[in-house]
Amino acid sequence: MRYTALYVALVWAQVDPKADHLIRNSRKKLKAMDYMTVQFSYTMENYADTTQKRIARTGIFRYRPKHNKFVVDLGDMAVLSDGKTVWQFLKKEKEVNISTYDPKESFSLERVFRIYEEDMKVRLDKTETYKGRTTHKISLFPISDVTDYFRIEVWVDAQSELPQRMRISNRDGTVVEYELKNYDTRPIPDSVFVFDTKQHPGVKVIDLR
């Protein structure tokens, strides 16, 4: 009986019912979106290798999750995918690189949204005010120990139930953080996810497929 009680205690120690409820609702909201446009800021820092510079960028992310279609516009560069092909457009260089879509190597924010849908152990850390809004800070831990990351922290808006901030801690010491705002679910034309060379005369095309 004592060992049974200990086993139950250990199992419940890995399950946070409130955090699980919050994450399930948040995932449900995202899954209901056929289209998504969101503004984001992005930082990446390697705490294991201090010789590497901290990276900070801002951009706009357009996404059709059910079709693996996305566009990320970083100002000087844009990455587009129609779910089969990826175009990396370097605007200043007037060059576009074409490759085959690979979900394991696609733009990191698209991967983050897919990771967010995976089954993980969850824990509610705290409820706090973030930029004037009430958010629930939740930590997610992968069930498998072969993932590149070992922890994801998500700040879920209490009202919209959508992630407003995400921090990914990777096993190599790299920490990536996104801040997300101004979610828009209006339809996006399919042509937006395809790079049309006719619309960009003079661009050098490098086909890597």
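Looking only at region 30-40, decide whether some residue is in a helix (DSSP H, G or I) and either at pLDDT 90 or above or within 30 Å of D184 (Cβ to Cβ) (or both).
The answer is yes, given that some residue of region 30-40 is in a helix (DSSP H, G or I) and either at pLDDT 90 or above or within 30 Å of D184 (Cβ to Cβ) (or both).
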**Request:** Determine, yes or no, whether I98 is surrounded by 15 or more Cβ atoms within 10 Å (Cβ to Cβ) and not polar (S, T, N, Q).
**Result:** yes
**Message:** Being aliphatic (A, V, I, L, M), within 27 Å of D49 (Cα to Cα) and in contact (Cβ under 8 Å) with a residue 40 or more places away in the chain: is that true of L140 here?
**Reply:** yes
**Item:** Subset of region 51-95 that is among the charged types (D, E, K, R) and surrounded by 19 or more Cβ atoms within 10 Å (Cβ to Cβ) - its residue that is nearest to Q39 (Cα to Cα)
**Value:** R64
**Message:** When you scan region 20-42, do you find a residue that is of a type outside the set (S, T, N, Q), within 29 Å of D196 (Cα to Cα) and without any contact (Cβ under 8 Å) to a residue 24 or more places away in the chain, even just one?
**Reply:** no
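Among the residues of region 153-165, write down those that are assigned to a strand (DSSP E or B), hydrophobic (A, V, I, L, M, F, W, C) and either more than 12 Å from E177 (Cβ to Cβ) or without any contact (Cβ under 8 Å) to a residue 12 or more places away in the chain (or both).
V156
The values are calculated or read from the model by the stated rules, or taken from the named source; none is laboratory data. This is a predicted model, so every value here is computed, not measured. Every residue, glycine among them, receives a Cβ derived from its backbone with ideal geometry; neighbour counts consider all protein chains shown.
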